[in-house]
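Report on one structure; see the data block that follows.
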There are 4 protein chains.
Amino acid sequence: MEKEVVAELAIIPLGTADTGLSRYIAACLEILRNNEDIQYQLTAMGTVMQGPLSRILEVAQQMHEVPFSMGVSRVFTTLKIDDRRDRPETIERKVEAVLEFEKAKGE
Amino acid sequence: MEKEVVAELAIIPLGTADTGLSRYIAACLEILRNNEDIQYQLTAMGTVMQGPLSRILEVAQQMHEVPFSMGVSRVFTTLKIDDRRDRPETIERKVEAVLEFEKAKGE
Amino acid sequence: MEKEVVAELAIIPLGTADTGLSRYIAACLEILRNNEDIQYQLTAMGTVMQGPLSRILEVAQQMHEVPFSMGVSRVFTTLKIDDRRDRPETIERKVEAVLEFEKAKGE
Amino acid sequence: MEKEVVAELAIIPLGTADTGLSRYIAACLEILRNNEDIQYQLTAMGTVMQGPLSRILEVAQQMHEVPFSMGVSRVFTTLKIDDRRDRPETIERKVEAVLEFEKAKGE
């Protein structure tokens, strides 16, 4: 199995007259529903994703196109990639690892 | 009540011999447990926070100091702030707004 | 002298009907002209700054307010901080250090 | 000619015993010297690039691989993409547009 990375994508449509952007984000997420090899989790500030790096980049590009197809003229996208190759890493494991340190300290 | 913003903070210690950073993140989160006016949620790629902007900046600076106090010599911190003043915004509300659009489309 | 950090600030007004954002950025930069203890350099993707961390945060908050004062209802701001405490670091020095490695390799 | 975007890439090797990262950045930049369709500019906080979006993503992936080939086990990469389709945009033009507003105001 190809090594997976954990990433975070935020897609920000600019120059929309409306301040609300949720409908664009919802449309971008449809791409993820059709790519079942990518795990994802929606947060208040972006979408955390897990999958092979090349697939993450492909899907990010597809999601970046979505607001243009809805009439937006400018899109600002940020992608953060955390790629660790000394051991497998998952979305869940990264959070659990921090919580375990918190718990150990509280005891 | 002062207007609240939603933000995301990621603190990355550099030049640590170990690739694992969870113990630093766990120590940074202790700051948040002692600042009860800030709501927060740990994700795999950072910490989503909600609170007045001036308080978010104060707490971000305190959290940024933590790895130095643990012996780290270089810290790379990223802070993203989403500040919307036409209506109240919360961590939960931002996610729900997207899910509502997804649901409406699925119907 | 207080230790200085190198940082990068990007301020993105949302929900503007116009796709062009230059006039907002120009107005934000006026804040920097009035804070002479902060060195800065405008790039195509943000503003690189150098100064004491607490001053960078103060100025970032002031700059973040500018688009609101111009009628914008939502502002998305990203701040990246590179804080190295084992030696002094400047905007120029960071770039030169990379160029020296490039040059050494080319010889 | 394919529409070009302006982007910013920052590649951060983690878990290196040394705090200095310049030699990794210098090695990443060699990729850009071999891809002459991508314009770039090194800044203190990343590399600003200009080119077709698909090429930017290809090159970003290649640059992300470089620190691994030098023995690093974990790499944190951030990519910001500013994609404006209502008019051509370049690295130089983006900076000039802001400076023109500053100048107009000063007069």
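The values are calculated or read from the model by the stated rules, or taken from the named source; none is laboratory data. Quick caveat: nothing in here was measured; it's all calculated off a predicted structure. Reconstructed Cβ throughout: ideal geometry from the backbone, glycine too, with neighbour counts over all protein chains shown.
Data overview
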item: Positions within the stretch A:2-22 being without any contact (Cβ under 8 Å) to a residue 12 or more places away in the chain and either closer than 22 Å to D:A60 by Cα or part of a helix (DSSP H, G or I) (or both), in sequence order; result: A:S22
item: Yes/no for A:L42 being under 12 Å from the mean Cα position of the chain (by Cα), among the hydrophobic types (A, V, I, L, M, F, W, C) and surrounded by fewer than 21 Cβ atoms within 10 Å (Cβ to Cβ); result: yes
item: Any chance A:G51 is within 23 Å of B:K80 (Cβ to Cβ), among the small types (G, A, S) and at pLDDT below 95; result: no
item: Condition broken by B:G15, with the remaining ones in (1) buried (at least 22 other Cβ atoms within 10 Å of the Cβ); (2) within 13 Å of chain D (Cβ to nearest Cβ) satisfied; result: (1)
item: Number of positions in the stretch B:68-93 that are in a helix (DSSP H, G or I) and more than 13 Å from chain A (Cβ to nearest Cβ); result: 2
item: Residues (of a type in the set (S, T, Y) and more than 9 Å from every other protein chain (Cβ to nearest Cβ)) located in the stretch C:37-49; result: C:Y40, C:T47
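Yes/no per residue for (1) part of a strand (DSSP E or B); (2) touching a strand residue (DSSP E or B) at 6+ places or on another chain (Cβ under 9 Å); (3) away from chain A (no Cβ under 14 Å):
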| position | (1), (2), (3) |
| --- | --- |
| C:A26 | no, no, yes |
| C:L32 | no, yes, yes |
| C:G51 | yes, yes, yes |
| C:L57 | no, yes, yes |
| C:E65 | no, yes, yes |
| C:V95 | no, yes, yes |
